[in-house]
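The values are calculated or read from the model by the stated rules, or taken from the named source; none is laboratory data. These numbers were taken from a predicted model, which means no experiment stands behind them. Note that each Cβ is placed from the backbone with ideal geometry, even for glycine, and that neighbours are counted across all protein chains shown.
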Amino acid sequence: MTATNAPPSPASARPLSPHLSVYRFTVTMTMSILHRITGCGLYLGALLLAWFLIATSMDAAAFGVVSSFLSSIIGRFILFGFSWSLFHHAVGGVRHIIWDAGYGLETPEREWLAWGTLIGGFALTIIVWSIGYAVR
């Protein structure tokens with residue numbers, strides 16, 4: 001028997017996974033990826049919160065260091081990103097609860113929920129920061 005007439009081996013008979021270019025990039029896919037990224041960002045934000053709380057329990061010099069960092073442009077940018085991450089992840093969690101209840105799984109509703117997650121996360125962040133600056 002020649003190599004071209006040989007029966008397929010069990011390893012070559014398995015189906016191959018399609019390449020990523022086969023898939024169409026959707027909003028739902030993007031929100032799933034962002035949900036995971038914001039979850040990781042929340043860990044970093046928790047470290048920032050722990051740093052703040054530890055400095056609060058220490059002396060005024062330690063609190064001054066944290067306070068000056070958080071009030072700088074970079075610190076505010078990080079806090080804005082942390083608050084967006086928190087709201088985006090929370091709204092994404094609500095989307096998952098809706099899906100777990102069996103609603104919003106069809107194509108148009110699924111896309112609406114994905115867009116709602118993106119818009120809701122940014123809207124809540126802007127609202128909270130606007131209230132924070134107004135009260136300040």
Inset, instruction - Go through region 90-136 and give me each residue that's outside any helix (DSSP H, G or I) and among the basic types (Lys, Arg). - result: ARG136
Legend entry - Residue satisfying condition, being farther than 15 Å from SER32 by Cα and touching a residue at least 24 places away in the same chain (Cβ under 8 Å), within set GLY92, GLY132, GLY81: GLY81
Inset, instruction - Tally the residues that are in a helix (DSSP H, G or I) and at pLDDT 75 or above, restricting the search to region 1-50. - result: 24
Legend entry - Residue among SER67, SER130, SER85 that is small (Gly, Ala, Ser), modelled with pLDDT of 95 or more and in contact with a Ser or Thr (Cβ under 8 Å, 6 or more places away or on another chain): SER85
Inset, instruction - Scan region 78-89 and give yes if some residue there is of a type in the set (S, T, N, Q), exposed (fewer than 15 other Cβ atoms within 10 Å of the Cβ) and part of a helix (DSSP H, G or I), otherwise no. - result: no
Legend entry - Every pair of residues 6+ apart whose Cβ atoms lie under 7 Å, when the first sits in region 28-47 and is more than 10 Å from SER85 (Cα to Cα) and touching a residue at least 24 places away in the same chain (Cβ under 8 Å) while the second is polar (S, T, N, Q) and in a helix (DSSP H, G or I): MET31/THR117
Inset, instruction - Would you mention how many residues in region 39-83 are within 26 Å of LEU124 (Cα to Cα) and of a type in the set (D, E, K, R)? - result: 1
Inset, instruction - Return the residue satisfying two criteria in turn: it lies in region 67-77 and is of a type outside the set (S, T, N, Q) and surrounded by 14 or more Cβ atoms within 10 Å (Cβ to Cβ), and of such residues it is nearest to MET31 (Cα to Cα). - result: GLY75
Inset, instruction - Provide a single number: the residues in region 97-111 that are without any contact (Cβ under 8 Å) to a residue 60 or more places away in the chain and surrounded by 13 or more Cβ atoms within 10 Å (Cβ to Cβ). - result: 4
Inset, instruction - Quick one: in region 30-44, of everything that is more than 14 Å from ALA114 (Cα to Cα) and among the small types (Gly, Ala, Ser), which residue is surrounded by the most Cβ atoms within 10 Å (Cβ to Cβ)? - result: GLY41
